[in-house]
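This report refers to the structure that appears directly beneath it.
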Amino acid sequence: MDDAVSNEVRFLHAVELGLGAWSWGDRVVWQYGRGYTDDDIRQAFQTSITEGIRFIDTAEVYGSGRSERLAGQFLKETDQPVLVATKFFPMPWRLTKDSISSALKRSLNRLELEKVDLYQIHWPTPLFGIERMMEGLVTCIDKGWARTVGVSNFDQSQMLRAYSALERRNVPLASNQVHYSLLNRRVERNGLLARCRELGIRLIAYSPLEMGLLTGKYTPANPPPGSRGGRYLSLISRIGPLIKQMTEIGQDHGGKSNAQVALNWIMCKGALPIPGAKNASQALQNAGALGWKLTDEEAAKLDEVSDSVTK
Ligand SMILES: NC(=O)c1ccc[n+]([C@@H]2O[C@H](COP(=O)([O-])OP(=O)(O)OC[C@H]3O[C@@H](n4cnc5c(N)ncnc54)[C@H](OP(=O)(O)O)[C@@H]3O)[C@@H](O)[C@H]2O)c1
């Protein structure tokens with residue numbers, strides 16, 4: 001493992017694949033309650049655990065706390081150790097450093113845990129100085145409520161400010177969780193991925209299946225439901241060649257699915273994908289991204305086709 005990685009955050013670099021819990025309780029984007037229930041989510045969690053996934057990502061705002069509550073229930077039902085990450089959302093009415101540890105305390109209550117493995121700032125905001133936010137995170141570590149701390153949606157200069165502020169307190173910045181998929185490769189182009197690698201910061205890739213698009217199940221004639229339909233209207237009509245290429249490559253690996261190819265590609269890039277799963281079959285399929293590897297030539301071919309469809 002890279003020398004830049006501090007001992008405290010080494011465990012996160014050993015995690016290859018996680019499970020995202022945004023859809024657990026979220027009605028706004030994911031239409032929780034329509035097409036999937038708490039029992040489906042429980043099975044998604046249990047299947048992931050059975051398949052060896054040991055990292056779950058949630059946030060206080062997902063389902064207004066419901067995602068954390070469901071995760072807390074499921075964690076009690078397994079005897080396997082699971083690493084838990086959650087996030088603080090800087091609402092405009094709570095911008096003091098103490099509001100961060102207070103919010104974490106409430107998250108811990110919902111999760112029924114004494115400590116999380118990773119506590120992240122969900123989004124930066126100009127209303128809350130980065131140095132002050134980092135003070136709040138250090139307090140969470142000092143109180144014993146967070147094992148490590150990270151950020152999310154921070155650009156490179158914001159991340160460097162966070163990194164330096166924490167470094168002055170001898171705390172490593174564990175991670176930056178950002179949008180990264182075969183259909184969104186901004187972090188390669190703007191240097192964030194390379195900078196994370198250089199500084200030993202784990203890049204956690206969110207929406208690694210581009211909210212389901214990379215599975216190939218959505219087409220112009222069958223768009224995703226809800227707000228995703230409008231958001232991806234134009235992109236869906238262009239991704240056919242990429243889906244075809246992914247399918248061909250998957251077939252060369254004994255019939256890996258498009259989702260498995262999409263996740264394996266992210267792992268090959270050195271990032272940690274955290275796909276969302278609403279049910280057991282999605283969880284099972286996503287876990288099948290582990291245990292094999294795209295060749296360098298295949299990853300390069302996917303880069304090339306991804307470039308051609310996203311230009
Ligand atoms: N930090 C942030 O700001 C931020 C932002 C976004 C996400 N995240 C994190 O990243 C996680 C993952 O991102 P995401 O949920 O946005 O998107 P994603 O992982 O790219 O896509 C998840 C969705 O794709 C569909 N799907 C998943 N696996 C599938 C499979 N094997 N076959 C067919 N369909 C499948 C499901 O929706 P349908 O069945 O409805 O298509 C599922 O909810 C989130 O849960 C959250 O933890 C963080």
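All of the numbers you see were taken from the coordinates with simple rules; none came from a lab. Treat the numbers as computed from the prediction; the structure is a model and nothing was measured. Glycine also receives a Cβ, built like all others from the backbone with ideal geometry; neighbour counts cover every protein chain displayed.
Summary table below
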{"quantity": "Count, lysine Cα pairs under 29 Å in region 133-286, 8 or more residues apart or across chains", "calculated": "10"}
{"quantity": "All aspartates and glutamates inside 19 Å of LYS115 as judged from Cα atoms, apart from same-chain residues fewer than 8 positions distant", "calculated": "GLU8, ASP57, GLU60, GLU68, GLU77, ASP79, ASP98, GLU135, ASP142"}
{"quantity": "Debye intensity ratio I(q)/I(0), log10, region 44-86, q values 0.30 Å⁻¹ (C-alpha model)", "calculated": "-1.14"}
{"quantity": "Peptides ranked, highest mean first, by Cβ atoms within 10 Å: ranges 35-47, 51-63", "calculated": "51-63, 35-47"}
{"quantity": "Sorted peptide list for 178-189, 5-16, criterion being average Cβ within 10 angstrom, highest first", "calculated": "178-189, 5-16"}
{"quantity": "Total formal charge among the other residues, if their Cβ is under 12 angstrom from that of SER102, Lys/Arg +1 and Asp/Glu -1", "calculated": "+3"}
{"quantity": "For LEU83, distant residues with modelled amide H under 5 Å away", "calculated": "PHE55, ILE56"}
{"quantity": "Rg followed by Dmax, in Å, when region 19-168 is reduced to its Cα trace", "calculated": "15.6, 48"}
{"quantity": "Student exercise, region 34-191 dipole from Lys, Arg, Asp, Glu Cβ charges, in Debye to nearest 20", "calculated": "440"}
{"quantity": "For region 256-284 and region 107-159, distance of Cα centres in Å", "calculated": "26"}
